[in-house]
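Okay, so here's the structure we're looking at.
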Amino acid sequence: MWVRAPSLSGNRERGQLSEHSLIIFLHGIGASGAQLAPLASSWRASLPNARFAAPDAPFHHRYGHQWFSVEGNPLAPERIVAVREAFDKVIIAVARREGFENAHDQIAFVGVSQGAVVALEAVASGRWQIGALVGFSGLLPPQPVSRASKNTPVLLVHGENDKTIPPLASRLAAAQLSTAGFKVELEVERGTGHTISTSGAQKALSFLKKSLL
């Protein structure tokens, strides 16, 4: 499902868009893009010059969609590498559809759980050099971190009480990215589990405003 800003009339070439940034939401396992529509709606007034998209992950899950299978060892490096092409096809299609095919520096990834995992991997591998990345309750798969995307600012938000992906995962990711030259902000929230809190959403919104605008 696509979560869109109000439609534009006329030519949608990048230089003629009134919006100058694209926020791509990446959902968690067993979910869908539609489930992140409320977050996009809550940000719309504060980001009036942004377009929003929330694609479904490319692979089927019994409860919805997934970016990669978690059967066996879900973080085996070869498993993550194997889904790179599928992830890239989804993002390329969104960027082309929304008019940002040649403006990756004005694209932001906002990933949640498994969506944060693939978003972090895409940037850390150097494949996607984008304007900003927000990861909620995610982790960085075991891999070398490329400096090619080090100009992408990163915000990691994690609940201190997360039992699904412990907050240590975001602490480690922040350290790995910082060592590679990335500018990283880390927010570990007290009393929060594996979810997006109101305060976490507000922190992400403020980060995107300063990173993209």
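The values are calculated or read from the model by the stated rules, or taken from the named source; none is laboratory data. Being a predicted model, the structure only gives us computed values, none of them experimental. Don't worry about glycine lacking a Cβ; one is built from the backbone with ideal geometry, like all the others, and counts go over all protein chains shown.
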Selection within region 112-142 - closer than 21 Å to SER69 by Cα, part of a loop (DSSP other than H, G, I, E, B) and among the aliphatic types (A, V, I, L, M): LEU139, LEU140
When region 59-72 is checked residue by residue, the ones that are surrounded by fewer than 16 Cβ atoms within 10 Å (Cβ to Cβ) and without any contact (Cβ under 8 Å) to a residue 40 or more places away in the chain are PHE59, HIS60, ARG62, TYR63, SER69, GLU71, GLY72
When you go through VAL123, VAL110 one by one, which is the residue that is of a type outside the set (D, E, K, R), in contact (Cβ under 8 Å) with a residue 40 or more places away in the chain and crowded, with 18+ Cβ neighbours inside 10 Å? VAL110
Take region 17-32 and flag every residue that is part of a loop (DSSP other than H, G, I, E, B) and closer than 13 Å to ILE196 by Cβ. HIS27, GLY28
Return yes when ALA86 is surrounded by fewer than 24 Cβ atoms within 10 Å (Cβ to Cβ), under 23 Å from LEU47 (Cα atoms), small (Gly, Ala, Ser) and without any contact (Cβ under 8 Å) to a residue 40 or more places away in the chain and no when it is not. no
Cβ-Cβ under 6 Å pairs, at least 6 apart or on other chains, region 175-193 side part of a strand (DSSP E or B), far side among the basic types (Lys, Arg): GLU187/LYS203
Please work out if ARG4 is in a loop (DSSP other than H, G, I, E, B), within 30 Å of SER69 (Cα to Cα), at pLDDT below 50 and of a type in the set (Lys, Arg). yes
Note on SER137: of the conditions (1) on the phi < 0 side of the Ramachandran plot; (2) surrounded by 24 or more Cβ atoms within 10 Å (Cβ to Cβ), unmet is (1)
Looking only at region 195-210, and only at residues there that are assigned to a loop (DSSP other than H, G, I, E, B) and not hydrophobic (A, V, I, L, M, F, W, C), the one that is nearest to the chain's Cα centre (by Cα): THR195
Please give the helices (runs of 4 or more DSSP H) falling wholly within region 33-106 in which 3 or more residues are in contact with a Pro (Cβ under 8 Å, 6 or more places away or on another chain). 84-98
